[in-house]
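To keep things clear, I will list the structure first and then write my remarks on it.
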Amino acid sequence: MVGTWFSSSRSARVLRGVVMTTSTRSTDHVEASDPDHNTTHLTQLVESHLGLADHLARRYRGRGVDRDDLDQVARLALVKAARSYRPERGAFAPYASATVQGELKKHFRDHAWSVRPPRRLQDLQAAITAADDEHGVLDDAALAEHLGVPSADVREARAASGCYSADSLDRPFAGSELTLGDTLPHDEGGYEHAEEWASVRTVCRELSADDRDLIGMRFFQDRTQQDIADELGISQMQVSRRLRSVLERIRSGAGLPAVA
């Protein structure tokens, strides 16, 4: 959270500080020969339009961005609009509205996405929001016709609305004792292991009795190659070669990858 600006108890002091600070950083377009008069004019202009900034910020609530952050972005944008405004541009309110909405959209685009979708979906989602505010919530077909885009794009953009804030995997699922994470599919390595073992067991049944005894002593009784060699009356090297040969036949027969 960035924090709450312009609270009722200190709005005038903070606002005046913001105006004075920002005014020293670039050229002030409000015509006034007296700097104090200029600052007072800017402060009055912004204060008289705070309701407009708050109204525009409210339109963006409920999309994963903290309310205080939205209010701050909107009000700082209002200061920006007041500083750059010139009377020949027309009435201040429409000019300020465009500036505030542009800053709010930029904030969402740059900072609000937990998962960032393609830019075309971001822009389309903003258009959908504006259409919903103007006409009420339309179905996908009517909205697509209104915006002049395919219905599939509207569905994709609406699905991307959840990208603003991710759900916690620890959130309870449908009022049960399960969490959202419990319901997600995941790979179960045990099934693959069972399939491989079934294939290996079939191949092992086709081995000679001597080869099965050799496998049993080495891998089930966990005996060393030298111990096996002493019992069979052969060298440890011969045991190693026989084991390698048997294991290669098992892998080949079970369709398992060879060991490099």
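Values quoted throughout were computed directly from the atomic coordinates according to the rules given, and no laboratory measurement underlies them. In this text the structure is predicted, and so the values were computed from the model without any measurement. We place every Cβ from the backbone using ideal geometry, glycine too, and count neighbours over all the protein chains shown.
At full extension, Glu196 and Ser252 could sit 18.9 nm farther apart than now, given 0.36 nm per residue minus the alpha carbon distance. Each of Thr179 and Arg212 was given a label point 7 Å from its Cα along the Cα-to-Cβ line. The distance between the two points is 4.8 nm. With a cut-off of 12 Å between beta carbons, the residues surrounding Asp182 carry a summed charge of -1, where Lys and Arg count +1 and Asp and Glu -1.
Can you give the FRET efficiency to the nearest 0.05 for Glu134 and Asp110, using r as the Cβ-Cβ distance and R₀ = 30 Å?
Details: r = 25 Å, r/R0 = 0.84.
Computed FRET efficiency for Glu134 and Asp110: 0.75.
The label point for Ala98 and the one for Ser84, both projected 7 Å from the Cα toward the Cβ, are 1.0 nm apart. Modelled spin labels at Arg119 and Ser245, positioned 7 Å past Cα toward Cβ, are 6.7 nm from each other.
So for each of 50-57, 239-246, 71-78 I average, over its residues, the number of other beta carbons within 10 Å; can you give me the resulting order with the highest mean first? The partial results should precede the final answer.
On the way: 50-57: 18.0, 239-246: 16.1, 71-78: 23.4.
So the order, starting with the most tightly packed, is 71-78, 50-57, 239-246.
If you take all C-alpha pairs in the stretch 189-254, what percent of them are over 15 Å apart? The proportion of pairs with Cα distances above 15 Å equals 55 percent. Look at Thr99, Thr179 and count the other Cβ atoms within 10 Å of each Cβ; fewest to most, that gives Thr179, Thr99.
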